[in-house]
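See below for the structure under consideration.
The values are calculated or read from the model by the stated rules, or taken from the named source; none is laboratory data. From a predicted model like this one, the values you see are computed outputs, not experimental measurements. Cβ placement follows ideal geometry from the backbone for every residue including glycine, while neighbour counts extend to all protein chains displayed. Accessible surface is based on the protein model in full, side chains and every heavy atom, while ligands, DNA and RNA are left aside. Shrake-Rupley method; radii C 1.70, N 1.55, O 1.52, S 1.80 Å.
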Amino acid sequence: MKAIQVIDYGGPEVAKIQTIASPSRSANEVLVRVVASSINPVDIKHMTPNTIQKISQFPAVLGWDVTGVVIEADQDSEFKPGDRVIAMHPQGSWQQIVAIEENELVKLPDAIDFVSGASIPLAAVTALQAIRKLQLEPSETLLVTGATGSVGGYAIQIAKQEGIPVAGLVRNNSQKEIVKQWSVDNVYTSDEKLPAFDAVFDTAGILDRTDIIAPEGKLTTISDDAISSEVEEHASFAEHNYVRTSQEDLQYIIDLILEGQLQTRIAENYTLNDVQPALKHANQSGNNGKVVITF
């Protein structure tokens, strides 16, 4: 089978299409033919030298998001050959066939196409878990930084769906229109004066501003950067959020999309053979949606 393997640290040029052996599955695993995956910032960080994200051994197959079709499963499994499925499968999705733990998989409804589905798992589950970590009351306000990014965009929409008063922070005025489509209460740019919020979900590495957090407010971040001591002293808690695989959370997200409560966004869809242009595209700023690779 074909796989995208990263052969060393570097830019898009280190991602190569290689022929490797197809995986075999163990009990409680499901063999899935991958139709689509996406490129996430964590994949770019893993490829880039001198970041906190490291690759333990080369060559390596990256990728977290999977949509595809079941090839094989246990006889008593709820998944059968031919089922359309979706999963968050940490590090190892950029290949034509994957073996995935059954408890990571969710059935992908016909109403969600494979490409759109590939934009969902990591970004949406990360957003959901971070918002839940903040444990907000309905009267508490939330600011999402990096609101036009994939995680930020899902976070804005999930907060709106749960009745949380939410605002977005973006880099410039042109990005405001993207966020306003979700009926956000307020959208700010980095150079504007912001009020203080009861909670901040940071997706952009803005970890040194106490002015945007109410006294004893809360902050959670998905940035790898350190939270400043001033913010830690100012807030009631300020913590990094690390996503975990959750069949239940992914199913919740899929249900919201079917109900029309969440929108997926695709910046561009590339084929497997165009992985290097895809990585170059994903690494540029200002993308309105995910870069997806079809296999």
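Mean residue ellipticity at 222 nm, helices only, the chain: -7000 deg cm²/dmol; runs of at least 4 DSSP H residues each add -39,500 (n - 2.57), and the sum is divided by the number of residues.
The aspartates and glutamates whose alpha-carbon is closer than 15 Å to the alpha-carbon of residue 160, local same-chain residues fewer than 8 away aside, are 137, 140, 185, 259.
Region 36-54 and region 148-204 have Cα centres lying 25 Å from one another.
For region 223-276, GluC sites (Glu not before Pro) meeting the loop criterion (DSSP other than H, G, I, E, B) and having at most 15 other Cβ atoms within 10 Å: 259.
Amide H contacts for residue 217 (H built 1.01 Å from N in the peptide plane; partners 5 or more residues away or on another chain; cut-off under 5 Å): 236. Summed over the residues of region 114-256 and divided among them, the accessible surface reaches 41 Å² per residue at a probe radius of 1.4 Å. Total lysine pairs in region 1-157 at Cα distances under 24 Å, for residues eight or more apart or on different chains: 8.
The GluC sites (Glu not before Pro) of region 9-98 that DSSP puts in a loop, and whose beta carbon has at most 13 other beta carbons within 10 Å, are 78. Would you compute the Debye intensity of the chain from its alpha-carbon atoms alone, equal scatterers and no solvent, and pass along log10 I(q)/I(0) at q = 0.14 Å⁻¹ to two decimals? Normalising to I(0) and taking log10 leaves -1.03.
Candidates 48, 109, 88 compared by Cα position along the dipole of region 44-132: farthest toward the positive end lies 48, with charges placed on Cβ.
Annotation: amide H of residue 187 within the under-5 Å range of 168, sequence separation 5 or more or interchain, hydrogens built in the peptide plane. A dipole drawn for the chain from +1 and -1 charges on Cβ atoms has a positive end, and of 194, 293, 151 the residue lying farthest that way is 293.
The chymotrypsin sites (Phe, Trp or Tyr not before Pro) found in region 67-157 include none that occupy coil by DSSP while having at most 14 further C-beta atoms within 10 Å. For region 1-98, what % of the accessible area comes from carbon and sulfur atoms, probe 1.4 Å? It is 51 percent, rounded to a whole number. For the chain, which longest stretch is free of loop sites, where a loop site is one of the trypsin sites (Lys or Arg not before Pro) that DSSP puts outside H, G, I, E and B and that has at most 12 other Cβ atoms within 10 Å? After excluding every exposed loop site, the longest remaining stretch is 55-192.
With a Förster radius of 22 Å applied to the C-beta separation of residue 228 and residue 285, the computed FRET efficiency comes to 0.40. Where both bridge residues fall in the chain, DSSP classifies roughly 55% of the beta bridges as antiparallel.
Accessible surface calculations at 1.4 Å, restricted to protein heavy atoms, place region 1-109 at 43 Å² per residue. Within the shell of other residues whose beta carbon sits under 10 angstrom from the beta carbon of residue 93, the net charge comes to -2, with Lys and Arg scored +1 and Asp and Glu -1. Placing unit charges on the Cβ atoms only, positive for Lys and Arg and negative for Asp and Glu, gives region 168-267 a dipole magnitude near 460 debye about its Cα centre. Estimated at 0.36 nm per residue, the fully extended path between residue 24 and residue 77 surpasses their Cα-Cα distance by 17.4 nm. Surface composition of region 129-226: carbon plus sulfur atoms hold 45% of the accessible area, using a 1.4 angstrom probe and ignoring ligands, DNA and RNA.
Count Lys and Arg as plus one, Asp and Glu as minus one, and take only other residues whose Cβ is under 12 Å from that of residue 141; the net charge is then -3.
What's log10 of I(q)/I(0) for region 161-221 at q = 0.22, 0.25, 0.30 Å⁻¹, Debye sum over Cα points only, no solvent? Each listed q corresponds, in turn, to -0.99, -1.23, -1.46. Taking amide hydrogens as placed 1.01 Å from N in the peptide plane, the amide H of residue 197 sits under 5 Å from those of 213, 214, each at least 5 positions away in sequence or on another chain. Please report how far the C-alpha centroid of region 260-278 lies from that of region 57-82, rounded to the nearest whole angstrom. Measuring centre to centre over Cα atoms gives 20 Å.
Positive-end ranking of 128, 63, 139 along the dipole of region 1-143, with charges on Cβ about the Cα centre, is headed by 63. Rounded, prolate or oblate: which one fits region 220-295, using the alpha carbon gyration tensor with axes a ≥ b ≥ c (rounded when a/c is under 1.5, else prolate when a/b beats b/c, else oblate)? Verdict is oblate for region 220-295.
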